[in-house]
Amino acid sequence: MYSQYLFTISMSKGVISKDEDYSQWFNDLVIKSDMAEYSPVRGCMIIKPYGYSIWEKIQAVLDGMFKETGHSNAYFPLLIPKSFFSKEASHVDGFAKECAVVTHYRLKNDGEGNIIVDEEAKLEEELIIRPTSETIIWNTYKGWIQSYRDLPILVNQWANVMRWEMRTRLFLRTSEFLWQEGHTAHATAEEAIAETEQMLNVYADFAENWMALPVVKGRKTANERFAGALDTYCIEALMQDGKALQAGTSHFLGQNFAKAFDVKFTTRDNKQDFVWATSWGVSTRLIGALIMAHSDDAGLVLPPKLAPIQVVIVPIYKHDEELDNIANYVAGLTKELKAKGISVKFDKRDTHRPGAKFAEYELKGVPLRVAIGSRDMQNGTVELARRDTKTKETVNQEGLAQQIESLLEEIQNNIYKKAFDFRAENMVEVDTWDEFKRMLDEQPGFISAHWDGTSETEQKIKEETKATIRCIPLNNKQEEGKCILTGKPSTQRVLFARAY
RNA sequence: CGGGAUGUAGCGUAGCCCGGUAUCGCGCCACAUUUGGGAUGUGGAGGCCGCAGGUUCGAAUCCUGCCAUCCCGACCA
């Protein structure tokens, strides 16, 4: 006999509605939920403990997956000699415009109380703060690889990188960001391609099963490819405002970097060949994706599998004896939940009233809330509230841990389903140019359409509509069609969207 | 980096046009009463008005530069 009813959020303190101003809503959530704040340095952010704990969860799971697929972690330097960047032409073109450069190694006092750069401490060769690590890593791999017996090399690093972005957004595009970058070396192209695809699948698995984020796996067109790659695979997700977000990439680099850094090996039949390479990465941008895909006007909605706190317990009491009584019960419940690997927070602060705590944990996206008062203690019940559906019900204390465990699973699935349904509603096939433009304006989302396969057409579409080809989906069905812009023949549909 | 807007206490704001050292709400601190959806009362603290120059007897207010945020472009995980 459970009573169930909707409860409304009377006010979402300081968070603007997402329908009113999506960008502002996103920023409000990040700040108000205590995930991050701005730093004194342009484009850089301070990731606060709550936000960082989500990143730690992401790291832990992915790191396990990388190790499961045979990779090891290593660490390469933050600073890279400038000359390394000139070795791979398309790579330098891709990153040159956004590199921070270290030119001096000392400051001094100018005698008037100011600290200034000591011009005498100028570096012979400037150092680049890594925007990505291909160059330093391939320079290093040259010393590690002589024979096919040394291959493959399967290395990942967790690091920060810096790209001097013109326009920044918390978590989505900051000048400095945290990520992982895998860099592997192989004896054959086939093996490297298999690695590229394997890691794409790891990312897709993580996005769908942990972040509850449905993604489209696909390949980038030549225009959208990573600087220096022969082929870029990606996972693309749809945000609640209908814009696409690239959530992860995996690149087949061919022999480009091996040639640039002269990394040759002796094959089984005693011939010299260049090594085949891949690189793949995801960043703290995933946290941005998590927020934009699931959250609502009351705050974050975190999938239980990545929530730093999965269950929060709020006691409701008037006197200390009541609290003692409740705390006594909570101790037992907490123990049971922890035994199931569920993270629990018992918030017995007496400086905040229950309503304030409810609002706070809604803002922070805690999936399940248990409220217990004296009335419950008498009845042998608790009040259980779900963040995802904003419903609450009164349930028996008996078997509660079990129920919480299955509810968390249900919430995880429900959040995924919600995101999946949203994407299904906002992914349409379109066959005419007018329809294409109309959909972008009236119901933004993924648009599946025919394209003649040329960079010029892709470019023209981007200029006229701001929509880009997010990817050519893997396992795309082949069908005859006409390019929406030029009317030229096409063999398959590709996925367009406006993107972050 | 180009165009537009904004910046006043932790947050949201009034004052700016028409110069005379700052308004209100929330939050914060103390005490009391409270505690099943963001408590109430009383008392109190908190500001070199984004930063740096300039004009002026005097600048939150006028002028210049810079920085940051948001929106629109170019760039991008």
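The values are calculated or read from the model by the stated rules, or taken from the named source; none is laboratory data. Note that the structure is predicted; figures quoted are calculated from it, not measured. Glycine gets a Cβ as well: all are built from the backbone with ideal geometry, and neighbour counts include every protein chain shown. Side chains are part of the model used for accessible areas, which takes the heavy atoms of the whole protein and leaves out ligands, DNA and RNA. Shrake-Rupley method; radii C 1.70, N 1.55, O 1.52, S 1.80 Å.
Carbon and sulfur: what percent of chain A's accessible surface (1.4 Å probe)?
Working: 11480 of 23330 Å².
Here carbon and sulfur together make up 49 percent of the probe-accessible area.
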## Note on the structure
Taking a crude spin-label model, label points 7 Å out from Cα along the C-beta direction, the A:V41 to A:N475 distance in nm is 4.3
### Summary
Here, A:D205 and A:D273, labelled 7 Å along Cα→Cβ, have an inter-label distance in nm of 2.7
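For a quick check of your reading of the filter: which chymotrypsin sites (Phe, Trp or Tyr not before Pro) in region A:49-90 sit in a DSSP loop and have no more than 14 other Cβ atoms within 10 Å?
On the way: sites: A:Y50, A:Y52, A:W55, A:F66, A:Y75, A:F84, A:F85; in loops: A:Y75.
Within region A:49-90, the qualifying chymotrypsin sites (Phe, Trp or Tyr not before Pro) (loop, at most 14 other Cβ atoms within 10 Å) are A:Y75.
Go through region A:151-256 and name the GluC sites (Glu not before Pro) that are in a DSSP coil and have 16 or fewer other Cβ atoms within 10 Å of their Cβ.
On the way: sites: A:E165, A:E176, A:E181, A:E190, A:E191, A:E195, A:E197, A:E208, A:E224, A:E236; in loops: A:E165.
Passing sites in region A:151-256 are A:E165.
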### Message
Report the Cα centroid-to-centroid distance between region A:32-103 and region A:308-336 in angstrom, as an integer.
### Response
40
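For region A:43-132, which GluC sites (Glu not before Pro) pass both filters: DSSP loop (anything but H, G, I, E, B) and at most 16 other C-beta atoms within 10 Å?
Values: sites: A:E56, A:E68, A:E88, A:E98, A:E112, A:E119, A:E120, A:E124, A:E125, A:E126; in loops: A:E88, A:E112.
Within region A:43-132, the qualifying GluC sites (Glu not before Pro) (loop, at most 16 other Cβ atoms within 10 Å) are A:E112.
Where does region A:324-442 land on Rg(C-alpha)/(2.2 N^0.38 Å)? Mind dumping the intermediate values first?
Numbers: Rg = 20.2 Å, N = 119, 2.2 N^0.38 = 13.5 Å.
The value comes to 1.49.
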### Query
With every protein chain present, what is the per residue accessible area of chain A (1.4 Å probe, Å²)?
47
### Task
State the extension gain, in nm to one decimal, for the chain segment bounded by A:D19 and A:E56, taking 0.36 nm per residue of separation less the distance between their alpha-carbons.
10.2 nm
#### Entry: Ratio of the Cα radius of gyration of chain A to 2.2 N^0.38 Å, where N counts its residues
1.12
### Label-point separation, A:F420 to A:A331 (7 Å along Cα→Cβ), nm
4.3
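Take the Cβ-Cβ distance between A:A356 and A:R149 as r, set R0 to 56 Å, and report the resulting FRET efficiency rounded to the nearest 0.05. Display every interim value, and only then the final one.
Details: r = 64 Å, r/R0 = 1.14.
Efficiency computed from Cβ-Cβ geometry: 0.30.
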### Task
Subtract the Cα-Cα distance of A:E410 and A:M166 from 0.36 nm times their separation in residues, and report this length gain in nm to one decimal.
83.7 nm
### Message
Spelling out what I want: for every residue of region A:248-263, take phi, set θ = phi - 60°, compute 6.51 cos²θ - 1.76 cosθ + 1.60 (Karplus), and round to whole Hz; glycine and proline get x.
### Response
x, 9, 9, 10, 9, 9, x, 10, 4, 6, 4, 5, 5, 10, 6, 9
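If I stretch the segment between A:R438 and A:Q459 completely, what's the gain in nm (0.36 nm per residue apart, minus their alpha carbon distance), one decimal?
Numbers: separation 21, 0.36 × 21 = 7.56 nm, distance 1.88 nm.
That works out to 5.7 nm of additional length.
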#### Entry: Cut-off under 5 Å, modelled amide H: who pairs with A:L230 long-range
A:F252, A:L253, A:G254
### Task
Could you compute the FRET efficiency for A:S343 and A:K466, with r as their C-beta to C-beta distance and R0 at 51 Å, rounded to 0.05?
0.75
#### Entry: Rounded if a/c under 1.5, otherwise prolate or oblate - region A:43-168, Cα gyration tensor axes
oblate
## Note on the structure
For region A:20-95 the translational diffusion coefficient, Stokes-Einstein from a Kirkwood Rh over Cα pairs at 37 °C and viscosity 0.692 mPa s, in µm²/s, is roughly 201
